[in-house]
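A.B. asks: Below you'll find the structure I mean.
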Amino acid sequence: QVQLVESGGGLVQAGGSLRLSCAASGRTFSTSAMAWFRQAPGKDREFVAAITWLGTGTYYTDSVKGRFTISRDNAENTVYLQMNTLKPEDTAVYYCAIGPRVGKYTYWGQGTQVTVSS
């Protein structure tokens, strides 16, 4: 019922920046939290960042604090992840998700590859 489409991934050098976008369409929740996760080869999916419906609450995993910023534009049903000072360990497929609240996600995007070279 909800489609999420990520964009903005790519190949960058260590220390560089990328901005990921995820546009939601279809039957979105009236009030929904959105989040970003990532998964590297051979590893479990890892939480990266989340944002509440109004954007007044944000959450980050420790490894990205101070480097990544999550934001959203409800008018466009889009969530962003600004990634600065990228490190090789940030290399992963990044997925966006949406749900009724932070910590409960119902729909997921297809993922976008982020590769950071050393």
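A.B. asks: What number of residues within segment 35-52 satisfy the criterion of being at pLDDT 95 or above and open to solvent by 20 Å² or more (accessible area, probe 1.4 Å)?
C.D. replies: Here the count works out to 8.
A.B. asks: Related question: Test of understanding: among P100, P88, which residue is more than 16 Å from V2 (Cβ to Cβ), over 14 Å from the mean Cα position of the chain (by Cα) and touching a residue at least 60 places away in the same chain (Cβ under 8 Å)?
C.D. replies: P88
A.B. asks: For the list (1) under 17 Å from T85 (Cα atoms); (2) in contact with a Lys or Arg (Cβ under 8 Å, 6 or more places away or on another chain), I need the number of the one condition that A33 fails.
C.D. replies: Here A33 meets the rest and fails (1).
A.B. asks: Can you tell me which condition G55 does not meet? The list is (1) open to solvent by less than 50 Å² (accessible area, probe 1.4 Å); (2) at pLDDT 90 or above, and all the others hold.
C.D. replies: Every listed condition holds for G55 apart from (2).
A.B. asks: Another question about this same structure. Looking only at segment 56-82, which residues are assigned to a loop (DSSP other than H, G, I, E, B) and under 14 Å from the mean Cα position of the chain (by Cα)?
C.D. replies: T61, K65, R67, N77
A.B. asks: Go through segment 103-113 and give me each residue that's under 24 Å from T52 (Cα atoms), part of a strand (DSSP E or B) and over 10 Å from the mean Cα position of the chain (by Cα).
C.D. replies: K104, Y107, W108
A.B. asks: Right, here's the next one. When you scan segment 58-81, how many residues do you find that are in contact (Cβ under 8 Å) with a residue 40 or more places away in the chain and open to solvent by less than 50 Å² (accessible area, probe 1.4 Å)?
C.D. replies: 4
A.B. asks: Consider V93 carefully, then state whether it is under 17 Å from D44 (Cα atoms), open to solvent by 20 Å² or more (accessible area, probe 1.4 Å) and in a strand (DSSP E or B).
C.D. replies: Considered against the rule, which asks whether it is under 17 Å from D44 (Cα atoms), open to solvent by 20 Å² or more (accessible area, probe 1.4 Å) and in a strand (DSSP E or B), V93 comes out as yes.
A.B. asks: Just to be sure before I move on: is S21 buried (at least 16 other Cβ atoms within 10 Å of the Cβ) and either farther than 28 Å from S117 by Cβ or of a type in the set (A, V, I, L, M) (or both) in the structure I sent?
C.D. replies: So S21 fails the test.
A.B. asks: For segment 65-117, how many residues are modelled with pLDDT of 95 or more, out of contact with any Gly (no Cβ under 8 Å at 6 or more places or on another chain) and hydroxyl-bearing (S, T, Y)?
C.D. replies: Residues meeting the conditions: 4.
The values are calculated or read from the model by the stated rules, or taken from the named source; none is laboratory data. Every value quoted in this text rests on a predicted model; they were computed, and no experiment measured them. Counting neighbours? That spans all protein chains shown, and the Cβs are built from the backbone with ideal geometry, glycine included. The accessibility values were calculated without ligands, DNA or RNA, using every heavy atom of the protein model including side chains. Shrake-Rupley method; radii C 1.70, N 1.55, O 1.52, S 1.80 Å.
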